Amino acid sequence: MPAWRDQVRGLADSGYSTILMPDVPQWQPAPGPALAVAATITDLRVGTWVYASPVRPAWITAWEAHSLSVLTDGRFEMGIGTGRPGIADQLHELGLPVTPVSQRSSQVRDVVAALRDLDGPDLHTPVAMVAGGPKAQALAAELADTVTFVMPQIETRAETMERVQRFDNRRGAELALHVPVVGDSVAAFMAGPDTDPAAVRAADSLAFLPSDPAAAAEEIQRRREEIGFSYFVFGADVAGALAPVVAELAGR
């Protein structure tokens, strides 16, 4: 815990805006308490990336999210999705019912509806959604403040641009990009163990950023201007290496 607190403080000093936590048992403490600690020791925003709706009752998830939003003076954002690949195995291990795939978007909708009821008219907890198939994209277009896309890690830049252009973003949701590969480093919780950085780079995939700070900053600006991404998510293991990029982009 002392090392983790030091890392969180270092991220705050480097210009990052938000600390995000995944929702995977055994990987780290539960996201809610961990994010409450992070928000206490820094002035950063905090958020889930992302709550797995099949694992959590909708109202309990919304109550925790609303509480974090209140306790952090509005610095919490709720990422919500239908779970990582293999979520059915996790549900079996936890002794929880396995929700049919066709019903999982409804679970996400129920969480957001409960959150909006708890927030009331005077609070709006930002909601980030993971958009994969047509049903998830339609739900994100309707409800999300921030949207990130599920896409193959070797999807080309042109294919990703087409994916974003097809998304119905008439509400003006912020577009987020999940970047698991930086140079030769692969963020463990953001990509599979068989991820090949060379293959991701060769595909001109947006899942990759160069490790050189100047090149990375230039590439991030390009993705902002050409595609509209303005929210970039990196693994904590490369956060230090990218600190010069963040500082430049933050105007420090």
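The values are calculated or read from the model by the stated rules, or taken from the named source; none is laboratory data. Everything quoted here is computed from the prediction, not taken from an experiment. A quick note on method: Cβ atoms are made from the backbone with ideal geometry, for glycine too, and the neighbour counts reach across all protein chains shown. Keep in mind that these areas ignore ligands, DNA and RNA; they rest on the heavy atoms of the full protein, side chains included. Shrake-Rupley method; radii C 1.70, N 1.55, O 1.52, S 1.80 Å.
Run down THR40, THR61, THR72, THR48 and say which single residue is open to solvent by 30 Å² or more (accessible area, probe 1.4 Å) and either touching a His at 6+ places or on another chain (Cβ under 9 Å) or among the hydroxyl-bearing types (Ser, Thr, Tyr) (or both). Quick ask: steps written out before the conclusion?
Numbers: THR61 fails: open to solvent by 30 Å² or more (accessible area, probe 1.4 Å); THR72 fails: open to solvent by 30 Å² or more (accessible area, probe 1.4 Å); THR48 fails: open to solvent by 30 Å² or more (accessible area, probe 1.4 Å).
Going through THR40, THR61, THR72, THR48 in turn, the sole match is THR40.
Residues that are in contact with a helix residue (DSSP H, G or I) (Cβ under 8 Å, 6 or more places away or on another chain) and either open to solvent by less than 70 Å² (accessible area, probe 1.4 Å) or under 30 Å from LEU143 (Cα atoms) (or both): which helices (runs of 4 or more DSSP H) entirely in the range 155-252 hold 3 or more of them? Break it down into steps so the answer makes sense when it comes.
Values: elements: 157-166, 197-202, 213-227, 239-249.
Fully inside the range 155-252 and qualifying: 157-166, 213-227, 239-249.
Residues that are of a type in the set (S, T, N, Q): which strands (runs of 3 or more DSSP E) entirely in the range 1-93 hold 1 or more of them?
18-21, 45-48
Could you give me the residue pairs with C-beta distances under 9 Å whose first residue belongs to the range 23-48 and is free of Cβ contacts under 8 Å to residues at least 12 places away in the same chain, whose second residue is open to solvent by less than 20 Å² (accessible area, probe 1.4 Å) and assigned to a helix (DSSP H, G or I) wherever it lies, and which are 6+ apart or on separate chains?
GLN28/ALA34
Tell me, please, whether a residue that is outside any helix (DSSP H, G or I), of a type in the set (A, V, I, L, M) and surrounded by fewer than 21 Cβ atoms within 10 Å (Cβ to Cβ) can be found in the range 125-132. Before you say what the answer is, go through the steps one by one.
Initial filter on the range 125-132 (outside any helix (DSSP H, G or I)): 125-132.
Among the residues that remain, those that are also of a type in the set (A, V, I, L, M) are: 127-131.
Subsequent filtering for residues that are surrounded by fewer than 21 Cβ atoms within 10 Å (Cβ to Cβ) retains none.
Looking for residues that are outside any helix (DSSP H, G or I), of a type in the set (A, V, I, L, M) and surrounded by fewer than 21 Cβ atoms within 10 Å (Cβ to Cβ), one finds none in the range 125-132, hence no.
Condition test on SER102, is it assigned to a helix (DSSP H, G or I) and open to solvent by 70 Å² or more (accessible area, probe 1.4 Å)? Give the derivation first.
Values: assigned to a helix (DSSP H, G or I): yes; open to solvent by 70 Å² or more (accessible area, probe 1.4 Å): yes.
Taking the combined requirement at face value, the residue satisfies it.
When you scan the range 75-98, how many residues do you find that are over 12 Å from ALA52 (Cα atoms) and at pLDDT below 95? Spell out the reasoning first.
Step one: of the range 75-98, the residues over 12 Å from ALA52 (Cα atoms) are 75-77, 89, 92-98.
From the residues that got through so far, the ones that are at pLDDT below 95 too are 89, 92-98.
Counting residues in the range 75-98 that are over 12 Å from ALA52 (Cα atoms) and at pLDDT below 95 gives 8.
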